Every structure is written in structure tokens, then in C-alpha cells.
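First up is the structure itself, then whatever we jot down about it.
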Amino acid sequence: MAEHEYTTTIAWSGSTGGGYRSFSREHTASLTTRTDLTLSADAAFRGDAELTNPEQLLVVAASSCQMLSFLGAAARAGVDVVSYEDSARGTMPLGSIPTSIKDIELRPVIRVRGAEREVIESLVHRAHEHCYIANSLRSEVRVIPLIEVIA
């Protein structure tokens, strides 16, 4: 094994069509098969593989922050986002000193109603620039969106 990998998913649905103050910020995050937040170390570090670990929390924090920044930007721009689902992945190469998550990749699937793809791509970029979690990390955070425009 050349690196440890941590995966998370998040999901939101609703509508930003009513503007910045109108949409719910509530979303779900899946870190492990358990629903509580009992934590442990990663199994590679003698922890319980069935429990959430700090590395997963870091990855899901970056994913959640990007989504919330995007939803806010979209609402301010008058874009109606109807769903956002992200499959995020963070990697920690073995043997690197100091040991750290070097890379976080966010792959959101964003469904919007009646907006131009270029506008959405611009909002994704703006959200990434304003995401305080990504701005706080030494890790590279990449956002690779799949945008679906629906009628």
C-alpha cells in the first residue's frame, strides 16, 4: 500500500431559488457505516475500522465547506440549485515527513435548474476561493464538478 485513503460523501437537496436567506443548510455526511460519531484512529494506526477517524472528518469538513460556500454563492447569484452530492477523497502518502493528508479531491454532482454551465463553473471556482476550510489547509484541495442542468 503506497498511501492511506479516506472517503466521504455528502448530500443536500432543496432549492436556492428563493435567495440566500431561504435555503436549508442541512445536509447529510456519510463517513462510515455507523451513524454516530464515536471516533477512533484509522485501522492502519491500530484503531477500529468501523469507527469514524480524524482523517475522514478532515475530508468531510473540506467537502461540506465547499458545498455551503457554493450554495451561498449560487443563491446570491439567483441560481436555483436543486441538489448537490459530493464524493470526496483524501490521500496520505506513506513515508512522507511530516505525515499529512497531501491531497483532497472533491467530485460534486451539482444539479441546477435553468442555468448556464459556465455560470455554475464560475460559482464553483468562487466558492473554492472562499472556502475557509480549504484556505486553512496545507493540503491541495481540488474540485472537479459534474454539472447537470435540468429544465
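Couple of notes before you dig in:
- Close Cβ contacts (under 6 Å, 6 or more residues apart or on different chains) running from residues in region 76-99 that are small (Gly, Ala, Ser) to residues that are open to solvent by less than 10 Å² (accessible area, probe 1.4 Å) and in a strand (DSSP E or B) comprise ALA88/THR8; ALA88/LEU106; GLY90/TYR6; GLY90/ILE104.
- GLU105 acidic (Asp, Glu) and open to solvent by 80 Å² or more (accessible area, probe 1.4 Å): no
- Region 86-139: number of residues that are among the charged types (D, E, K, R), farther than 17 Å from GLY72 by Cα and assigned to a strand (DSSP E or B): 4
- When THR99, THR8, THR28, THR35 are checked against the criterion of being surrounded by 15 or more Cβ atoms within 10 Å (Cβ to Cβ) and at pLDDT below 95, a single residue qualifies: THR8.
- So ARG117, is it in contact (Cβ under 8 Å) with a residue 24 or more places away in the chain, open to solvent by 40 Å² or more (accessible area, probe 1.4 Å) and under 30 Å from GLY18 (Cα atoms): yes
- The condition of being open to solvent by less than 60 Å² (accessible area, probe 1.4 Å), part of a strand (DSSP E or B) and of a type in the set (Ser, Thr, Tyr) holds for SER83.
- In region 9-20, the residues that are among the small types (Gly, Ala, Ser) reach residues that are at pLDDT 90 or above and open to solvent by less than 40 Å² (accessible area, probe 1.4 Å) with C-beta atoms within less than 7 angstrom, at least six apart or across chains, in these pairs: SER13/VAL82; SER13/SER83; SER15/ASP80; SER15/VAL82; GLY17/ASP80; GLY19/ALA75.
- Test result for ASP48, farther than 18 Å from TYR132 by Cα, of a type in the set (Asp, Glu) and in contact with a Ser or Thr (Cβ under 6 Å, 6 or more places away or on another chain): yes
- Scanning region 56-70 for any residue that is in a helix (DSSP H, G or I), within 24 Å of ALA151 (Cα to Cα), touching a residue at least 24 places away in the same chain (Cβ under 8 Å) and touching a Leu at 6+ places or on another chain (Cβ under 8 Å) turns up at least one such residue.
- Summed over region 38-55, residues that are open to solvent by less than 60 Å² (accessible area, probe 1.4 Å) and either in a loop (DSSP other than H, G, I, E, B) or modelled with pLDDT under 80 (or both) total 7.
- Only residues that are small (Gly, Ala, Ser), under 20 Å from PRO54 (Cβ atoms) and within 20 Å of the chain's Cα centre (by Cα) were counted across region 75-98, and they come to 3.
- Of the candidates VAL112, VAL60, VAL82, VAL119, the single residue that is closer than 22 Å to TYR132 by Cβ and not basic (Lys, Arg) is VAL60.
The values are calculated or read from the model by the stated rules, or taken from the named source; none is laboratory data. Bear in mind the structure is a predicted one, so any value in this text is a computation, not a measurement. Here the Cβ is made from the backbone with ideal geometry for all residues, glycine too, and neighbour counts use every protein chain on show. Note: accessible area is taken over every heavy atom of the protein model, side chains too, but ligands, DNA and RNA are not part of it. Shrake-Rupley method; radii C 1.70, N 1.55, O 1.52, S 1.80 Å.
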